[in-house]
Amino acid sequence: MKIRFWGVRGSIPSPGDNTQKYGGNTACIELRVGPDDRIVIIDAGSGIRSLGKYMMDNDFPKGPLKADIFLSHTHWDHIMGYPFFTPIYIPGTKLKVYGPVSFEEDPLAEVVGGQMKYRYFPINLGELASETEYIRLKEIPFIDLGGGLHLSTKLLNHPITALGYRFSYNGKVVCTCYDTEPFRNLFITDPNHPDYDEAMAFEGEEVAVEQNLAVEKFFAGADLLIHDAQYTAVEYKERINWGHTTMEHAIAAANRAGVKKLALYHHDPDRSDASLEELSSLYCEPGKFGDTEVFFAREGMEIDL
């Protein structure tokens, strides 16, 4: 498997002089799998626009385009690039779009395509020339995608339904774990609080620990883990329940789980290149925090497993 980052930013695109090195596009990751370079795309943030242009220049001359797109969730920064993904306008293109939705009555096509109504966009979803199938996903332990590529999915901790993905091919594993934050006890834990309930507090703590261990088990032993790391521990104190993880937690969890390479991902839109370089010198020194190789994902970065 070969991995290329087309968008590494979270929340909103952040172009400008201060983000040129690490990139300002929102989430989009390309996997090329096997000898036929099967195309798997994770998320359709603004970075998918450049990926689409690349596919038109390099893949389309070889024949009709075919790709699988996996959406971690349907927050706008992870789907906003879809209307600008050139292959959806090309006859003969065949796409499968997978992802979760948070409300039973809303099909995935409506959630993703809702941004292509005329009030928002000049081209309607029904006018696209590609042949696209939309497939709703939930937490599933094993999915055979064919050609030796296997997938498992894991529910994460985010304000809407979000999935982590574990792709396995030919003995190699790539995992995504974003957007998410550590599970925590939601019950009152202060014994002096008038509404404190000892049994509920104990049960809440047990559930949080159990769920955090389940996430670590999900990405255990991965050759590459792409993990939410939008905040530092200090920043996170003011952003609890926003659905994102600290760098410190991501690194510690990856080490405990025996992950080989950890890409810190979903950079805050206000995080400049200079800031990421400073954080890199703090968190990415080999062996400083364990055996896992740690680095900040950068737009254009390629990893060959």
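Taken together, the values in this text are just the output of simple stated rules run on the coordinates, not laboratory data. The structure presented is a predicted model; accordingly, all values stated were derived computationally and were not measured. Glycine gets a Cβ as well: all are built from the backbone with ideal geometry, and neighbour counts include every protein chain shown.
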Residue in segment 78-90 that is touching a residue at least 12 places away in the same chain (Cβ under 8 Å), of a type in the set (A, V, I, L, M, F, W, C), in contact with a Phe, Trp or Tyr (Cβ under 9 Å, 6 or more places away or on another chain) and closer than 26 Å to Asp228 by Cα present: no
Positions within segment 230-245 being without any contact (Cβ under 8 Å) to a residue 60 or more places away in the chain and touching a Phe, Trp or Tyr at 6+ places or on another chain (Cβ under 7 Å), in sequence order: Arg239
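Consider segment 166-196. How many of its residues are within 30 Å of Asp77 (Cα to Cα) and not charged (D, E, K, R)? Explain how you work it out, then say what you get.
Our first condition is that a residue be within 30 Å of Asp77 (Cα to Cα); within segment 166-196, this holds for 166-169, 172-186.
Next cut, not charged (D, E, K, R) only: 167-169, 173-178, 180, 182-183, 185-186.
Qualifying residue count for the region: 14.
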Condition broken by Ile29, with the remaining ones in (1) free of Cβ contacts under 8 Å to residues at least 60 places away in the same chain; (2) within 11 Å of the chain's Cα centre (by Cα); (3) not in a loop (DSSP other than H, G, I, E, B) satisfied: (1)
Ala44 being part of a helix (DSSP H, G or I), crowded, with 16+ Cβ neighbours inside 10 Å and within 21 Å of the chain's Cα centre (by Cα): no
So Ala222, is it outside any loop (DSSP other than H, G, I, E, B), surrounded by 15 or more Cβ atoms within 10 Å (Cβ to Cβ) and not β-branched (Val, Ile, Thr): no
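Take the residues in segment 225-274 that are among the small types (Gly, Ala, Ser) and loosely packed, with under 15 Cβ neighbours inside 10 Å; name whichever of them is nearest to Arg184 (Cα to Cα).
So in segment 225-274, the residues among the small types (Gly, Ala, Ser) come out as 229, 233, 243, 250, 252-254, 257-258, 263, 272, 274.
From the residues that got through so far, the ones that are loosely packed, with under 15 Cβ neighbours inside 10 Å too are 233, 258, 274.
On the way: Ala233: 15, Gly258: 23, Ala274: 32 Å.
Among residues in segment 225-274 that are among the small types (Gly, Ala, Ser) and loosely packed, with under 15 Cβ neighbours inside 10 Å, the one nearest to Arg184 (Cα to Cα) is Ala233.
Residues that are closer than 29 Å to Asp304 by Cβ, at least 3 per element: which strands (runs of 3 or more DSSP E) completely within segment 60-176 meet that?
Values: elements: 66-70, 94-99, 131-136, 149-155, 163-169.
In segment 60-176, 66-70, 94-99, 149-155, 163-169 are the strands (runs of 3 or more DSSP E) which contain 3 or more residues that are closer than 29 Å to Asp304 by Cβ.
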